[in-house]
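Colleague: Right, I'll just put the structure down here and ask away after.
Just so it is clear, none of the values below were taken in a lab; they were calculated from the coordinates. All of these numbers come straight from a predicted model, not from anything done at the bench. In this analysis, Cβ positions are derived from the backbone assuming ideal geometry, glycine residues included, and neighbour counts consider all displayed protein chains.
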Amino acid sequence: MGRIRAGAHWWRADDLAQLTAEGVRALADYGVESVVDLRWPEEAALHPSPVPAALPQVRYQRISLLTHTEDEWRLRSRDVVKELWKCEVLEHVRVELHHVLGAIAAAPAGRAAVSAASAARTAPA
């Protein structure tokens, strides 16, 4: 962890569960090798990503970024003002953030997507 990967390409995707068959083919054509899905288990179960079934050669990991469940996140973040949201994330989800960054660092050098599924992963509600 902590090294720069020459030739690696990472980008943020919104919600890979909404991919059409054409979108899945586009991921394959672009050479995506890894996907890190940051959704909660409840979200992933309700709206599964087509990537694991359609692209078995892609390294797919689902790791919750904010907490293990959405309810747990609501409890931790209920009194946060917008201006302090990023500080709150760093304070309360250190373990989760460590796992996500570790998964990104361990991914093969190549093209990969980090799927957040909603603005809740990157901005305050």
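Colleague: Return the whole-Å distance between the Cα centroid of segment 61-117 and the Cα centroid of segment 17-36.
Modeller: Using only Cα atoms, the two centres lie 22 Å from each other.
Colleague: Could you order peptides 12-25, 78-91 by the average number of other Cβ atoms within 10 Å of their residues, highest first?
Modeller: 12-25, 78-91
Colleague: If the chain between LEU101 and ALA28 were fully stretched, how many nm would it gain, using 0.36 nm times the residue separation less the Cα-Cα distance?
Modeller: 23.9 nm
Colleague: Calculate, axis by axis, the spread of Cα positions in segment 1-82 along the three principal axes, and write the results as whole Å, longest axis first.
Modeller: 44, 34, 20
Colleague: If each residue of separation counts as 0.36 nm, what is the full-extension length gain between LEU46 and ASP14 once their alpha-carbon separation is subtracted? If you can, show how the numbers build up before the last one.
Modeller: Numbers: separation 32, 0.36 × 32 = 11.52 nm, distance 1.60 nm.
Gain in length upon complete extension: 9.9 nm.
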